[in-house]
Structure formats: C-alpha cells, structure tokens
1. Quick one: what pairs do we get from segment A:59-81, first residue on the phi > 0 side of the Ramachandran plot, second part of a loop (DSSP other than H, G, I, E, B) and modelled with pLDDT of 95 or more, C-beta under 9 Å, 6+ apart or different chains?
2. Could you tell me which of the residues B:Ala189, B:Ala172 is modelled with pLDDT of 95 or more and either crowded, with 20+ Cβ neighbours inside 10 Å or in contact with a Ser or Thr (Cβ under 7 Å, 6 or more places away or on another chain) (or both)?
3. Suppose we filter B:Tyr204, B:Tyr217, B:Tyr226 for residues that are surrounded by 20 or more Cβ atoms within 10 Å (Cβ to Cβ) and free of Cβ contacts under 8 Å to residues at least 40 places away in the same chain; which single one remains?
4. Any chance segment B:225-243 includes a residue that's at pLDDT 95 or above, within 11 Å of another protein chain (Cβ to nearest Cβ) and touching a strand residue (DSSP E or B) at 6+ places or on another chain (Cβ under 9 Å)?
5. Collect the residues in segment A:296-319 that are surrounded by fewer than 24 Cβ atoms within 10 Å (Cβ to Cβ) and of a type in the set (A, V, I, L, M), keeping them in residue-number order.
6. Considering only residues that are part of a loop (DSSP other than H, G, I, E, B) and charged (D, E, K, R), look in segment A:10-25 and name the one that is nearest to the other protein chains (Cβ to nearest Cβ).
7. May I ask you to list the residues in segment B:238-277 that are in contact with a Pro (Cβ under 9 Å, 6 or more places away or on another chain) and outside any helix (DSSP H, G or I)?
8. Within segment B:26-52, take every residue that is touching a strand residue (DSSP E or B) at 6+ places or on another chain (Cβ under 8 Å) and part of a loop (DSSP other than H, G, I, E, B) and give me the one that is nearest to the other protein chains (Cβ to nearest Cβ).
Number of protein chains: 2
Amino acid sequence: MPEFGGRQYLDGRASDPSKLGWMRGAPPPADKRITFEGDSILAFPQIRWSLSHMRELTPSVNVWRGRGAPSHFERYERTTEIDALTITDTDGRILRFDQALLDTYTDGILVLHRGQIVYERYFGALEPHLPHACHSVTKSYAGTLAAALIADDVLDDRKTIPHYLPELRGTAWEDATLRQVMDMQTGLAYTEVYGEEESDIWKYHRACGRRPRLAGYDGPRSLCDYLGMIRKEGEHGTFEYKSVNTDVMAWVMARVSGRTFAQLLQDRLWSPLGCEEDAYVHVDPAGMQMGAGGLCVTLRDFARFGEMMRCEGMLNGKQVIPASVVRDIQSGDHPAKLDDGYSYRSQWWVTHDEFGAIEARGIHGQRLYIAPDAEMVVARFASHPLASAVIGDKITMPQMTALGRMLRA
Amino acid sequence: MPEFGGRQYLDGRASDPSKLGWMRGAPPPADKRITFEGDSILAFPQIRWSLSHMRELTPSVNVWRGRGAPSHFERYERTTEIDALTITDTDGRILRFDQALLDTYTDGILVLHRGQIVYERYFGALEPHLPHACHSVTKSYAGTLAAALIADDVLDDRKTIPHYLPELRGTAWEDATLRQVMDMQTGLAYTEVYGEEESDIWKYHRACGRRPRLAGYDGPRSLCDYLGMIRKEGEHGTFEYKSVNTDVMAWVMARVSGRTFAQLLQDRLWSPLGCEEDAYVHVDPAGMQMGAGGLCVTLRDFARFGEMMRCEGMLNGKQVIPASVVRDIQSGDHPAKLDDGYSYRSQWWVTHDEFGAIEARGIHGQRLYIAPDAEMVVARFASHPLASAVIGDKITMPQMTALGRMLRA
C-alpha cells in the first residue's frame, strides 16, 4: 500500500468508491455513508466519491451554461500510445502513463492537442456529465475574471481594498492593493495548513459552512464575517499563498459588478465558451459564494477553459477574455519569482518550463496544465488522500513533460 | 392588504423579492438574508425568493437532462386575450386573469393549448432557466414513475411494503399494500398540519434536513430513520393525505430498481421528454432523496411533463410512459371518491370536472392542471404566504374553468 506522510493508504484501484460501496443503496448502509454532519467529506477513501458529489452534501448555486449548443471538440484518439508512454518520476521510478494516473488517484483526465481531444479517461466516481470539485483551481477562474474586469476598467488593481470594500478598514487588507491580493502578496495573520486541526483554514471552512460546527460553536458564521476578523502580520509585498485573499478579490468583483461570482462565470465564461454542462459554486450560510475554492465543473468544461487560455483568450469563434489578460499571465514577467522557479500572477502558477506552461492547481490533485509551446492542455481531477496542491508533483510534472514532448514531436 | 387566516400580508406586487431587496448585495445585508439556520426559507415574504433558490439553502442532487436537444414547443401567443379574461371567483368577486395571478402570488405560469405555448409569464424571483420548488407536485412525478414500474412488472402493487422493505416490519406500513401507499389509503399516527409547530410534518422536515434542528436535538437524523418510527393508527383503506406515504413509495422504487429517485427521473422522464434544463432533488443527511416534496424544476419542463400526461404518455415522438398508466390515472374509476368530488390515484388528484382534468398540487400554490377535453395544460408555480395545497382555489379553479372554456371554444 502506498504511504504518504507516514501513513498507509489504499491505492488508486483499491480505493475506487464503487468497489468499496460508498453511498450505494437506499439508504446507503450506515458504515458506507458520507455525510456533512459526520465530517467525512474530505476523509480518505470517502473523498474518492465526495469530490464528484459536493452539491449533495452542501448548498450550491448554479452556473448556467445558457441555451446555446456546446462548442465542439474534434477527436483524434491516441489513448493506447499515451497509456504506454514511459515516465521517470523524480525519485527515478519508471512507470507507464496509465499507472501514473492510478498512483495520483486520478478521477478524470482529458488531454487536448491543437484543440483536439487525444485522450479522455474517467475513474472512480467521476462521469463526463458530473462536475468535480476544483478546490483552488477556482482561484484561477476567479483571477481571470478579475483581470478581465481590470482590462475593462471596471476594477483598478492599484486601489487598496477599502476603496471597494469600506468594511475591510481595520483589517489586514486596509493597505493592500487589489493587485497585491490578486498576486498573493499580503502579510496576513492567517495559517493554511490542512494537516493541522488548529490551522485557520478550518476556522475559515467552518465559517463558510464547508465543515460542521461543534455544539456550542461561537465563531464567525459567514465568509465575510471571517474575512473581517483577519489582521495584518508582517508586510505586504511578499508572496504567501493564502486562500482568503481570493475571497477578498471575489468579494470586490461581486460588489463592483453587481453580479455574483456564479453570474460572472456564466456571463464571461460558461456561455461564451459554449460549455456542455452547468457548473456550481458553494454558497456560504449568508448567501456568499466562495471564490477561493467553491467551484465544481465537468472535465470537458475544465478543458474548454484551458484551451481558451492556450489560445490567448479565443475559443468557440470568440475573443472570450482579452488577449492582453492572457498574455500578462503567461509572460511570467513579474517581480515575484518563487523559490521553485515558478512565479504567480492573477491567481495562476507560471512554470517558466520548456513549454511556457501556466497551471491552475487545487488540493487533492486538481490541475489544469496549459502548455502553449506543446499546443497542449491537460485537465485533470483527482482525489488524492492528502490535501496538498503539490502532492503527486514528483509523478505529475514528469508526466506533463513526457506528454508535451511526445505531442510536440 | 390581503388577509389569510386572520393575518395581513403584502400583496403579490408589493412582495416582489427584487423590490424588497432579499438576497441582493455582496453579501446581502443581515436584515435581507434568507438562511437555512435562521429558518427563514418558508417565511413570508422571503418565500417569494427562496422557492426559486432552494439549492442555495440545502444540499441537492442533479436530475440530468442528458445530451439531446430540448424538445420544441411551437408558440401561438394569446397573452393579451388571456390577461383580459374575466373570472368570477367563488366569493363572487370579478377580476381579470392577470390580477388573479397576482392575487395567488404566482411566480410563473405557462399555458399550453394543443401543445403550443399560448401564454408564458414570470414574476418575482423566477426566470425561465431557474428550477422552482414543486413541493407535493413531486408526488405526482414519483407516482407516475411507480405506476410505470408496475406496468413494467418491476413492482407489484398488491404486495405489502415489507416485501420490498423488510426494515418496515413493525411500523405502520407492515400490512399496507404498495397500492394503498400510492393512493394514500393508510392509517398512520402522523399529522400534517403546517400551521402547527408541534405537527409531525416538522419532525419529518427536521429529520430530512429541510428545517434547522435546535441545540440538543435528539430526534431522528434521516428520512428513513423517521419513517421507521411511524406507527399505525386506525385501519388502512381510507383516504388520508400523508406525505410520508410517498417517501415509502419512493424508497421502494429506489430499493427495487437500484436507481435513485433522481436517476429514475432522468432515465424515465428528463431524457425522453427532452427537458430544457436539469432539475434537482433535495437530499437528506444520509444521502436519501425526498420523493414527497423535494423536486425543483423549471416551468417549461413542468409543462412538458403535463403535456406528456395529456397525450397519454406520448411526447417528443416517444411513448415516454405507458398509455395504460396515464389512462388508469385519468379514468377516475377508483373506489375512493372524496368529499369534494375528487378522487386520488397514484399520487394524482382527479377532478371529475368538465374537462376530465387531473391535477398535481403542492403547497404555496404549485399546480399542474391537465385538461384533456380542453386540450390544455396549465403549469403554475407560486409562493403564497400560506402552506396549503388548496389555498387560492377559490380563484384558481374558476380561472382554470374560464381558460379551458375559452380555449375549447
């Protein structure tokens, strides 16, 4: 059995939720139930079911695709060839592409090359029409919308947050600019360590109604209440990845545009991209939508978003997002280059790799890898046992490289 | 201001949720929030917003429409003519059709004549693509599916409930046949009086996660747990409208078919009817779907269901439901004729009126009125202040009669 962080877990095949019988039966037997109250949503192996069924566990708002026909993908299947592709992970282990998918607890993967589907596979509980949790990939959707609103002069990223949200005076964001928030350049007294029960990430989730509250709970009862409690620590101007920044950014967008996050996604992405299915966003107990991690989308619609970014904002015969916005993100020409060689811009990870790739990343293995120089987009959903956005990288990054080189050849 | 049950309420126009500002703003101001925790979902005037936004307040499961094109409705608009139609309500008050809609707190109404849309209007928070709560109209969907499963020999309505659900031995349903359950002919120690806080209907809602539980709650924690607690009172064989029967019926369907209620709706109705939008069903804390009142659908898809029933199970070029099932319901040829002249069959109300109409009815004014002899279907959603399935009848029934006569002429 694979081991992560000193604990053993069922492997990708053995943890298949249909084999294990999670949430099967009418009603599901007590020992096979995944419940919000029982706090089992993110537990392993339950997570292998729940990430494809989030709306059955918490409230959600629809992202409507509109009435148009879905945009069409041509298919040029290279399944056998890709499955057999050999990868050497960063530990030196040699494995096949299809084994790498199991080893990273993949729920679904779709590979586009020159806009054609060359590979599409589903595992576990995921089906083509089912939205899967994006977790922090949500941030890249939100950041793209924010950058588009800046390009439209609806927002000004040089303004400080209280210009848009006066109620955040006196908080960490009092003197943070919208740009600093978008690029995670803020100093916040807030910790985000999933493995620690006392970490602020869980206070934040409890406030948002993403985690059950214990009897006698007297903490914040909504996302905005929680954001208003966060104080400054250190200085702004240095990269620190903290999800609450994205919620502040999404709050600014909603306040200024008069449209909710779901409506902005619908207007600016779902409808013009010609998405196949509706998506949805988690709603907090006060009716606010979570911009940092609340989105669930289907694998194909996830790929549509990636293909639009690869094509400098064009898809479905339309300039969906201004090309200048996409170029700014892809350029990597930003002050903050991080220790691992990445930079971070408008809620996207810029790899500076041989394909000029950018990435959207979410915990448990959510990934959108957009590689212009290989004319490739890889959309992947997963339900890895660990709540990390880099878990699996030692397999996933060599996998992306091998695939990009094969397709570019 | 109109008065119901000795209390005054804002009228249909004044209670428009967009005018009142419910759930507007980011976040909505505290005094304009509708929250599950605050138990304001069914309060008036909040209900005028919430019935079009149920999934934003509780967990839900998707009813997928599939990938086909929506079935097409021809249009032959008679809006002006219908708006001006004169109605005399049962109190002798004379009013126009459009005023009658306001007086019954209508959120949306669609009238089909010979399968063409002759009238379609939306009010308040409802939009064409938004699913609205069906409440007990859900029962008629579920009853139609159950009757179809009987026609397919998957279920046998002469069997007693424990034949399918052994865990209900020792409960009220131990010696009730599936047919008695389908026709609400059971003697249950269970009350359903919405106006009484101590009525069992609220215990049932709390068990199902449709109503908040107070601190220290120690009642049943799921739908099936609650159903297992209900004991017999009196004898089976007499009509008494009790929602929990429908949940038992839906539980039988799910157990025997191996498909959830949402999947059955998808397989047997949404996909073959060519519905325009996905629908959704409320999910209880144990993952069970509520067959008695948990469905939310768009107005047009609601009308599609009615038109299929009018056409003896045919729509979209397909025999969607066996004609024998629809004829059995429409015939009214059943032993139990009720005091008001109605009979009740397979979760449908049979009017025995001049059009041979059958009805699906839900609290707060949900109604599907199917009138074969006027070649008419009226689909209506409403958010009336009172939780009654007959409230508004003194206006609505003369309205249906006037409309049917006009269209038949």
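1. Final answer for the pair search is A:Gly66/A:Gly274; A:Gly66/A:Cys275; A:Gly66/B:His129.
2. On the way: B:Ala189 fails: either crowded, with 20+ Cβ neighbours inside 10 Å or in contact with a Ser or Thr (Cβ under 7 Å, 6 or more places away or on another chain) (or both).
Unique residue meeting the criteria: B:Ala172.
3. Values: B:Tyr204 fails: free of Cβ contacts under 8 Å to residues at least 40 places away in the same chain; B:Tyr217 fails: surrounded by 20 or more Cβ atoms within 10 Å (Cβ to Cβ).
Going through B:Tyr204, B:Tyr217, B:Tyr226 in turn, the sole match is B:Tyr226.
4. The answer is no; no qualifying residue exists.
5. Within segment A:296-319, A:Met314, A:Leu315 meet the criteria.
6. Taking segment A:10-25 first, the residues part of a loop (DSSP other than H, G, I, E, B) are A:10-16, A:21-25.
Going one step further and asking which of them are charged (D, E, K, R), we end up with A:11, A:13, A:16, A:24.
Working: A:Asp11: 26, A:Arg13: 24, A:Asp16: 18, A:Arg24: 9 Å.
Here the answer is A:Arg24.
7. B:Gly274, B:Cys275, B:Glu276, B:Glu277
8. Restricting to residues being touching a strand residue (DSSP E or B) at 6+ places or on another chain (Cβ under 8 Å) and part of a loop (DSSP other than H, G, I, E, B), the top hit is B:Ser52.
The values are calculated or read from the model by the stated rules, or taken from the named source; none is laboratory data. Keep in mind the model is a prediction, meaning the values are calculated, not measured. Glycine also receives a Cβ, built like all others from the backbone with ideal geometry; neighbour counts cover every protein chain displayed.
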